[in-house]
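Here is the structure we will look at, set down as structure tokens.
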Amino acid sequence: TQLLEQSPQFLSIQEGENLTVYCNSSSVFSSLQWYRQEPGEGPVLLVTVVTGGEVKKLKRLTFQFGDARKDSSLHITAAQPGDTGLYLCAGASGTASKLTFGTGTRLQVTL
Amino acid sequence: NAGVTQTPKFQVLKTGQSMTLQCAQDMNHEYMSWYRQDPGMGLRLIHYSVGAGITDQGEVPNGYNVSRSTTEDFPLRLLSAAPSQTSVYFCASRDISGSDTQYFGPGTRLTVL
């Protein structure tokens, strides 16, 4: 069974601070996705990274895929209250591109 | 487009009861899947389907059945509910040959007493 461990599990910061969330595995994935989930809703895809070492930016969010395609990070610059939510990484593998989800990082950004 | 819809939103069952969680999508996606979400464990894949008439097991299939008679619908059946099946259930779909974006429904919160 492939496992994806995320750290930290919980993060409470003030508006304007920077933060990094990590997603680690001992398995190699063909691609890795990051989702954000708000209470009472399903996860929403933020980004997909495919190539080892790839870096993608989405406004204040920077995503990186590890060179060996086993790990990834999400960095948020100048966090805002609207960034509050549960962040999930998910690795894709197999012919049907089944996703294995990480354990999640719950972020709270306060004023 | 309504996207992915799930019913019911909430459900309370007694141990041993059966029920079906409904999932429908109107995007003509071939790939559909069911996940359960438990605190501290992320989302775990229960069953998935790559097209009508084709289903396969995911990581935690025991206690659940699925069928895929149409492209649009992918119901999840609990044959004899157990307290361990208390969870939030999400249905998702994606275009298997195109974009990698997976669309999730709003979830069904199930409590088994």
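Rule-based calculations on the coordinates, nothing more; no lab input. This is a predicted model, so every value here is computed, not measured. Please note: Cβ atoms are built from the backbone with ideal geometry, for glycine as well, and neighbour counts cover all protein chains shown.
What the table shows:
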{"quantity": "Normalised alpha carbon radius of gyration of segment A:1-103 [divisor 2.2 N^0.38 Å]", "calculated": "1.03"}
{"quantity": "Around B:Pro39: net Lys/Arg minus Asp/Glu count, Cβ-Cβ under 15 Å", "calculated": "+3"}
{"quantity": "Nitroxide proxy distance, nm - points 7 Å out along Cα→Cβ at B:Ala52 and B:Gln17", "calculated": "3.3 nm"}
{"quantity": "Trypsin sites (Lys or Arg not before Pro) restricted to DSSP loop in segment A:32-111 with at most 11 other C-beta within 10 Å", "calculated": "A:Lys59"}
{"quantity": "Neighbour cut-off at most 15 other Cβ (10 Å), DSSP loop, GluC sites (Glu not before Pro), segment A:1-96", "calculated": "A:Glu15, A:Glu17, A:Glu41"}
{"quantity": "Per residue convex hull volume, Cα atoms of chain B, in Å³", "calculated": "92 Å³"}
{"quantity": "Full-extension gain in nm, A:Arg106 to A:Thr62, via 0.36 nm per residue minus C-alpha separation", "calculated": "14.1 nm"}
{"quantity": "Radius 11 Å from Cβ of B:Thr71, net charge of other residues (Lys, Arg +1; Asp, Glu -1)", "calculated": "-3"}
{"quantity": "Alpha-carbon Rg with Dmax, taken over the protein assembly as shown, Å", "calculated": "17.5, 51"}
